[in-house]
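The values are calculated or read from the model by the stated rules, or taken from the named source; none is laboratory data. Keep in mind it's a predicted model, so treat the numbers as computed, not measured. Ideal geometry is used to build each Cβ from the backbone, glycine not excepted, and the neighbour counts take in all protein chains shown. What goes into the accessible areas is simple: the full protein's heavy atoms, side chains included, and nothing from ligands, DNA or RNA. Shrake-Rupley method; radii C 1.70, N 1.55, O 1.52, S 1.80 Å.
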Amino acid sequence: MAITEMEVKEIAEKINNKELSSLEVAEAFLKRIDTVDAGINAYITVAHSQARKAAGEIDDRIASGESVGEYAGVPVGVKDVLCTEGLRTTCGSRILSGFSPVYDATVVKKIREAGLVILGKANMDEFAMGSSTENSYFGPTRNPWDPERVPGGSSGGSAALVAAGEAPWALGSDTGGSIRQPAAMCGIVGMKPTYGLVSRYGLVAFASSLDQVGPMTRNVHDCAVLLDMIAGHDPLDSTSIPGARPCYADSLNPNVRGLKVGVVRELTSTGIEPGVLREFNKAVELLAASGLECEEVSLSSFEYGLSAYYLIAPAEASSNLARFDGVRYGFRAEGEMEDIWEMYDRTRSEGFGDEVKRRIMLGTYALSAGYYDEYYAKALKVRTLIVEDFNRAWGKFDVLVSPTSPTTAFKIGEKVDDPLTMYLSDICTIPVNLAGIPAISIPCGLSGGLPVGFQIMAPPLQEEKLLSVACGLESLLGFDEKPPALI
Amino acid sequence: MDYLTTIGLEIHVELLTNSKMFCGCPADFGGDPNTKTCPVCLGHPGSLPVMNRKAVESTIRLGLSLNCDISPRSIFHRKNYFYPDMPKNYQISQYDIPLCVGGCLDVEMEGYARKVGITRVHLEEDTGKSLHVGESGRIHGADFSLENFNRAGVPLAEIVTEPDIKSPEEARAFAQLLRSTIRYIGISDGKMEEGSLRVDANISISAGEELGTKVEIKNMNSFKALQRALAYEEERQRKVLNEGGTIVQETRHWDDAAGITHPLRSKEEAFDYRYFPEPDLLPVEPEPAWIDELRESLPELPVARAGRLKSEYGLPVEMVSAIIAEKALADFYEEALKSGGDPREIAKWIAGDLAALLNEQSVDISGSPVTPAYIGELVGLITKKTISGKMAKDLLKETFSSGKSPAKIVKEKGLLQIADEDELMSMVEKVIAENPEAVEDFKNGKEQSLKFMMGQVMKMSRGKANPQITSDLIKQKLS
Ligand SMILES: [Zn+2]
């Protein structure tokens with residue numbers, strides 16, 4: 001079997017018992033990238049030499065008898081929204097197109113400490129704003145299942161590179177569905193942890209109260225392993241949750257009989273593509289047939305989730321993105337300028353893409369004097385209602401389920417001129433971010449030859465339960481389809 | 001026409017913490033430009049703020065010192081505006097729920113006291129410093145600007161008063177008392193000249209009950225400048241109104257050299273700051289036990305100390321104000337009192353001659369070569385008439401420069417005052433004999449001649465003659 005098709009576990013074992021060197025593994029994946037990525041554009045930056053150097057160091061440590069981590073030497077792709085010291089970090093934007101961070105994000109530090117080898121930085125919608133990875137200054141990423149289609153977004157690069165075998169797993173970030181929706185569209189597993197479980201330090205902020213880093217993997221086990229590596233309290237992030245946490249990989253228990261599953265009516269009724277709904281329902285039936293109690297539940301506040309999200313996230317973004325001004329780092333417009341205000345205007349006009357500008361304007365408006373109460377404050381109230389709806393549901397259900405995305409991967413260019421339709425792409429994933437709870441998307445079937453994602457949601461900090469249900473469903477489904485275009 | 005003046009102050013105090021408000025960089029922002037910076041205080045992508053507990057503690061202590069209530073739950077907001085010395089293009093500050101609310105400070109004036117309400121005390125981060133290069137020296141029209149981010153992220157406490165201040169003199173007295181309070185509790189060095197204490201003022205005048213249009217004044221770099229700027233502005237507004245004009249609500253800049261205020265361009269001011277809760281920080285919820293602990297740890301504050309000195313020792317307001325301004329000076333005073341000397345006399349020497357000497361030599365009271373015990377000794381020598389007041393002045397200078405005790409110097413130099421009447425009488429007789437004109441003048445009621453004869457005796461005794469006895473002897477001899 002080709003190295004690039006091996007399971008993470010297998011790669012790790014082979015490196016540990018010296019059947020494979022870390023460098024061989026890295027070379028195999030780099031070769032795969034060099035072969036297929038021209039057609040997919042999953043990576044913005046491929047770190048050939050840095051990856052080789054890191055892999056070589058792992059090999060040296062193993063050779064000298066040093067004990068390295070269980071997964072040391074396994075390659076990984078990292079979404080280009082996470083700061084990597086000395087490795088260009090662009091956020092898919094012109095404004096950071098030449099930016100090299102002076103520090104590693106906490107999660108990057110953690111995966112480096114675990115011995116993972118960073119192959120490169122994954123493409124994304126500019127500043128994680130988008131659902132198709134078409135809003136990248138570095139060009140769109142193509143879906144390995146059909147190169148004419150988008151991989152979803154904003155972590156489309158991370159999803160596509162895992163699906164295409166350009167790394168065995170990757171890190172993404174999820175603000176309104178940016179891990180789960182592309183995972184669904186690319187037929188992989190993607191998880192957004194509880195807000196605060198994973199440090200945001202070094203994650204370039206889009207919407208601070210919603211952003212969370214998470215794993216994007218080929219299966220649920222790998223997802224638990226990668227989550228184990230990145231989770232935990234970080235004193236550099238005030239919103240990071242203190243206290244001990246379990247080992248998620250060790251506590252995976254696919255036997256979840258008797259658990260109560262709520263099927264969210266608002267996310268399964270209108271606006272869901274028939275093929276998606278069909279595959280979703282089949283999976284629910286499978287769960288029911290395996291001894292889980294499945295029942296429909298109505299969470300009426302979800303109706304306002306999308307609207308609330310498109311006020312809160314742009315509001316925070318309008319402030320978070322103010323620092324990109326050409327003064328201290330990043331792109332600065334050139335030429336004669338009257339004063340600094342013109343420098344700001346031109347730098348930001350030329351440095352940001354349309355979707356980012358659209359959201360900065362939306363957010364600026366929502367926070368403006370006279371509109372704050374009408375928009376931002378009201379959105380916060382909706383957010384509270386959504387949290388309350390979830391809390392009521394947890395009184396009755398262990399987990400909630402829905403399709404991850406209302407559609408399968410759509411054609412490149414199809415929705416680009418229709419932002420509102422594009423925004424609907426995240427309708428099933430947004431309530432999770434607003435409530436700060438964990439959720440996972442696993443592939444549950446194909447519709448028209450394209451993957452369909454199944455979303456499972458759990459109460460805050462119940463990742464163990466969430467991953468166990470996902471693991472159980474994964475084995476019931478036995479989904480092992482691969483992107484046909486690349487076989 | 002008579003107008004009532006109404007003044008409110010907004011005061012920024014740079015807190016003396018070891019590290020900045022949200023990162024580990026040192027908060028003493030001197031040194032080479034941009035050497036005390038990190039990804040957090042430079043606003044690098046992905047960096048996040050972590051609250052410095054010491055900054056919260058200092059702000060709470062300040063609030064408690066100003067008799068404020070401490071909010072059980074206080075949050076931070078982002079104040080959004082673009083300026084090159086602000087790395088994130090938003091300032092983390094407080095908005096509707098500040099750390100401390102509703103206090104007051106009693107300012108003792110000559111003959112009355114003014115209670116000044118404290119609206120709020122909140123915590124925020126400082127900006128970097130810009131140097132705009134070009135003719136204007138301002139950001140508008142600058143050729144380029146240089147930025148130093150060493151100060152960016154240094155914690156600032158902002159104090160906002162109620163419009164309770166009625167005159168420029170009260171404003172100055174308030175600001176001085178506030179500075180003393182800040183220094184007593186040790187949260188800042190409170191130097192206006194160096195910008196660690198910055199006072200902005202709002203002033204309006206009105207003919208009746210209804211308040212007039214307020215004008216904000218900035219850029220006062222000393223207490224004197226504060227008073228002058230307000231006095232200027234008071235007069236300017238009075239003229240405008242008397243000439244039938246109206247006051248424009250605006251921000252004006254105090255030009256200390258010219259002694260005038262002039263309007264700032266409004267473009268820099270016309271901002272909608274789009275405040276919203278800072279999502280990167282948790283609310284501050286100080287535990288009541290911690291607040292109690294901080295309250296109990298406060299030293300005796302200037303207001304209380306002034307009250308005590310006044311009632312215990314009967315010192316006049318002006319003298320008390322001078323003594324309590326600095327904690328170290330007040331401590332020095334109370335230490336000197338242990339000598340048992342007259343409290344008024346001791347206060348007079350400390351606030352007068354000693355303060356002048358310290359000032360002249362730029363020495364801090366804590367580094368004074370004259371100890372509290374020496375002052376006690378000096379006053380004791382005067383009281384016992386061992387030396388005259390005139391001698392004491394020179395003696396203090398000598399003590400200051402040599403560090404020797406006054407008693408020792410007196411002994412070494414034989415500076416004992418001559419109080420022996422026989423000895424003095426022989427000198428007085430000699431002076432009378434040698435100055436018949438003066439004697440004639442004296443008999444004709446010319447006061448001046450007495451002083452002249454006294455001076456002659458002093459000269460003869462090399463300053464050692466007891467002035468009171470000498471004067472009595474002259475009068476007795478010529479009557
Ligand atoms: Zn710093």
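Out of A:Ile427, A:Ile437, I need the residue that is under 21 Å from the mean Cα position of the chain (by Cα) and more than 19 Å from A:Tyr310 (Cβ to Cβ). Which one?
On the way: A:Ile427 fails: more than 19 Å from A:Tyr310 (Cβ to Cβ).
Among A:Ile427, A:Ile437, only A:Ile437 is under 21 Å from the mean Cα position of the chain (by Cα) and more than 19 Å from A:Tyr310 (Cβ to Cβ).
Can you name the residue in the range B:1-38 that is in contact with a Ser or Thr (Cβ under 7 Å, 6 or more places away or on another chain) and of a type in the set (S, T, N, Q) and is also nearest to the ligand (Cβ to nearest atom) among such residues? Walk me through how you get there before you give the answer.
Going through the range B:1-38, the residues in contact with a Ser or Thr (Cβ under 7 Å, 6 or more places away or on another chain) turn out to be B:3-6, B:8-9, B:13-17, B:25-27.
Imposing the further condition that a residue be of a type in the set (S, T, N, Q) reduces the set to B:5-6, B:17.
Details: B:Thr5: 43, B:Thr6: 41, B:Thr17: 13 Å.
The residue in question is B:Thr17.
So, in the range B:50-70, exactly how many residues are touching a residue at least 40 places away in the same chain (Cβ under 8 Å) and either within 10 Å of the ligand (Cβ to nearest atom) or of a type in the set (Asp, Glu) (or both)?
Total meeting the criteria: 1.
Pick out, from the range B:206-305, the strands (runs of 3 or more DSSP E) lying fully within it that include 3 or more residues that are open to solvent by 40 Å² or more (accessible area, probe 1.4 Å) and more than 14 Å from every other protein chain (Cβ to nearest Cβ).
B:260-263
Might you check whether a residue that is within 12 Å of the ligand (Cβ to nearest atom), part of a loop (DSSP other than H, G, I, E, B) and of a type in the set (Phe, Trp, Tyr) occurs anywhere in the range B:75-82?
Among the residues of the range B:75-82, not one is within 12 Å of the ligand (Cβ to nearest atom), part of a loop (DSSP other than H, G, I, E, B) and of a type in the set (Phe, Trp, Tyr), which makes the answer no.
Could you check the range B:145-160 and list, in sequence order, the residues that are open to solvent by 10 Å² or more (accessible area, probe 1.4 Å) and away from the ligand (no atom under 16 Å from the Cβ)?
Once the filter is applied, which keeps residues that are open to solvent by 10 Å² or more (accessible area, probe 1.4 Å) and away from the ligand (no atom under 16 Å from the Cβ), the range B:145-160 yields B:Ser145, B:Leu146, B:Glu158, B:Val160.
If you go through the range A:127-147, how many residues are closer than 17 Å to A:Gly176 by Cβ and open to solvent by less than 10 Å² (accessible area, probe 1.4 Å)?
Residues flagged as closer than 17 Å to A:Gly176 by Cβ and open to solvent by less than 10 Å² (accessible area, probe 1.4 Å) within the range A:127-147 amount to 7.
Given (1) away from the ligand (no atom under 15 Å from the Cβ); (2) within 14 Å of chain A (Cβ to nearest Cβ); (3) touching a Cys at 6+ places or on another chain (Cβ under 7 Å), where does B:Gly103 come up short, assuming only one miss?
Condition not satisfied by B:Gly103: (2).
Please indicate, with yes or no, whether at least one residue in the range B:19-32 is in a loop (DSSP other than H, G, I, E, B), within 31 Å of the chain's Cα centre (by Cα), away from chain A (no Cβ under 14 Å) and aliphatic (A, V, I, L, M).
Within the range B:19-32, one or more residues are in a loop (DSSP other than H, G, I, E, B), within 31 Å of the chain's Cα centre (by Cα), away from chain A (no Cβ under 14 Å) and aliphatic (A, V, I, L, M).
All but one of (1) open to solvent by less than 40 Å² (accessible area, probe 1.4 Å); (2) without any contact (Cβ under 8 Å) to a residue 60 or more places away in the chain; (3) in a loop (DSSP other than H, G, I, E, B) hold for A:Gly363; state the number of the condition that does not hold.
Status for A:Gly363: all satisfied but (3).
Which pairs turn up if I take residues in the range A:320-335 that are at the interface with chain B (Cβ under 10 Å from one of its Cβ atoms) and look for partners that are of a type in the set (Gly, Ala, Ser) and open to solvent by 10 Å² or more (accessible area, probe 1.4 Å) with beta carbon separation below 7 Å, at least 6 apart in sequence or on another chain?
Once the first residue is at the interface with chain B (Cβ under 10 Å from one of its Cβ atoms) and sits in the range A:320-335, its partners that are of a type in the set (Gly, Ala, Ser) and open to solvent by 10 Å² or more (accessible area, probe 1.4 Å) give A:Asn320/A:Ala205; A:Phe324/A:Gly330.
Taking the range B:80-100 only, how many residues are open to solvent by less than 10 Å² (accessible area, probe 1.4 Å) and away from chain A (no Cβ under 11 Å)?
The number of residues fulfilling the criteria is 5.
Among (1) out of contact with any helix residue (DSSP H, G or I) (no Cβ under 6 Å at 6 or more places or on another chain); (2) farther than 19 Å from A:Asp418 by Cα; (3) open to solvent by 10 Å² or more (accessible area, probe 1.4 Å); (4) among the charged types (D, E, K, R), there is one condition A:Lys110 misses while meeting the rest; what is its number?
(1)
Go through (1) in contact (Cβ under 8 Å) with a residue 60 or more places away in the chain; (2) at positive phi one by one and return the number of the condition B:Glu170 breaks.
(2)
Tell me which helices (runs of 4 or more DSSP H) are completely within the range B:333-435 and hold 2 or more residues being open to solvent by 40 Å² or more (accessible area, probe 1.4 Å) and over 22 Å from B:Thr470 (Cβ atoms), or say none if there are none.
B:343-349, B:355-360, B:372-383, B:389-402, B:406-413
Keeping to the range A:23-62, report how many residues are buried (at least 19 other Cβ atoms within 10 Å of the Cβ), over 26 Å from the mean Cα position of the chain (by Cα) and under 21 Å from A:Ala122 (Cα atoms).
1
Return the residue satisfying two criteria in turn: it lies in the range B:101-118 and is part of a strand (DSSP E or B) and in contact (Cβ under 8 Å) with a residue 60 or more places away in the chain, and of such residues it is surrounded by the most Cβ atoms within 10 Å (Cβ to Cβ).
Among residues in the range B:101-118 that are part of a strand (DSSP E or B) and in contact (Cβ under 8 Å) with a residue 60 or more places away in the chain, the one surrounded by the most Cβ atoms within 10 Å (Cβ to Cβ) is B:Val107.
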